[in-house]
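Worksheet: one structure, shown below.
None of the figures in this text is laboratory data; all of them are computed from the coordinates on show. Predicted model only: the values in this text are computed from it and were never measured. Cβ placement follows ideal geometry from the backbone for every residue including glycine, while neighbour counts extend to all protein chains displayed.
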Amino acid sequence: MSRKLCRKTLPALLAGVAVLAPAIFAQGIPNEALLPTTATITVQTKADIPLDPRKLRLQVGRDVIPIQSVTPINPPVTQLAILIDDGLRGSFDNQLSDVAEFIRALPPGVQVLLGYMRNGIVIGMHHFTADHEAAVATMRIPIEIAGVDASPYFTLSQFVKQWPSNLPGPRFVLMITNGIDPYNGSTSIMNQDSPYVQAAQEDAERAGVAVYSIYWGQDWPRRARGSLSGQSYLAQVGDATGAESYNIGTITPPDLTPYLKQFRQAIAHSYLIAFQLPATKVKQDTLIHIKLTTSQRGVKLHAPHNVHPGMSLYSAG
């Protein structure tokens, strides 16, 4: 997709006005002490079918929760962080132009941050900016030292916890990494119960961040085993936060463009849903499991597994 085409079509795809869904009567949920809460969801359809809010159903346990509104995301209040593993090797330097083109083609107003994951923190930009050329100007080749970011999940946890609270709106992360977490003790696909991955996943859910990823393989001891382990973790985090992981396989992608295109389409078909959750016994780190379904044929939903009551991503903009 050309830069010119993206600039013309994406704002139309992303822009939207709130669509009110009909109230669904809650069963057993108290009317007092309710906290406004939002979640970012993504819709997949083969025929680009518009989402019908009337056919959505939101459950918390056995209770059906009223959906107050369903709003297509608005580019000027959308935030996107692209986090590149600073230890990536191989031919990744040849992919930088694809990432640069993706950033340049973002709709005007989208707030972007480009950073490099190293030793548990993000190196590079410290603030989101709507100046896409300024973000591209910070791009560089990864330092290519294996293990420099031994676990990308340490970085993800730290990053989402510090997401600016003065920037309401949909929040997206795109990680480009091998996804391996050696701190789990083993890269075996049979050992996929990492507390660090689980912590990063839950931190992202609390912050209302949808975590997408592109798997980038690289030289690694016991490479095949590590590749499967890393991909499994990335898929786990993506699924839990209502997102996806791309490039499932053991081959390093020769071109990032197809995956960046999928990611762009996912953003274009994302919505904020607003609802209220009871504030009873809610603590700062509370996560409540939700289940969002639709009876609309030909539509597949991606939604977070858990939300933090009171986490509202809406803005007045």
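When the listed pairs LYS46/LYS161; LYS161/LYS261; LYS261/LYS283; LYS55/LYS161; LYS261/LYS300 are checked against a 30 Å cut-off, the alpha-carbon distance exceeds it for LYS46/LYS161; LYS261/LYS283; LYS55/LYS161. The Rg/Rh ratio for segment 113-185 is 0.98, where Rg is the radius of gyration of the alpha carbons and Rh is the Kirkwood radius.
For segment 283-314 versus segment 228-244, the inter-centroid distance based on Cα atoms is 17 Å. Note on segment 76-268: Kirkwood hydrodynamic radius from all Cα pairs is 16.4 Å, rounded to one decimal. As a proxy for reagent exposure, ranking ARG54, ARG297, ARG171, ARG264 by other Cβ atoms within 10 Å from fewest up yields ARG297, ARG54, ARG264, ARG171. Expressed as a rounded percentage, what relative contact order does segment 76-268 have, with Cα pairs under 8 Å and six or more residues apart? Relative contact order here is 22 percent. Under 5 Å from the amide H of THR78 lie the amide H atoms of GLN111, each residue being 5 or more positions distant or on a separate chain, with H modelled from the backbone and absent for Pro and chain starts.
Ranked highest first by the average count of other Cβ atoms within 10 Å around their residues, in what order do 59-65, 82-88, 160-166 fall? Walk me through the numbers before you get to the answer.
Values: 59-65: 15.0, 82-88: 24.9, 160-166: 12.3.
Put in order of decreasing packing, that is 82-88, 59-65, 160-166.
Based on Cα contacts under 8 Å between residues 6+ apart, segment 77-164 shows a relative contact order of 38 percent.
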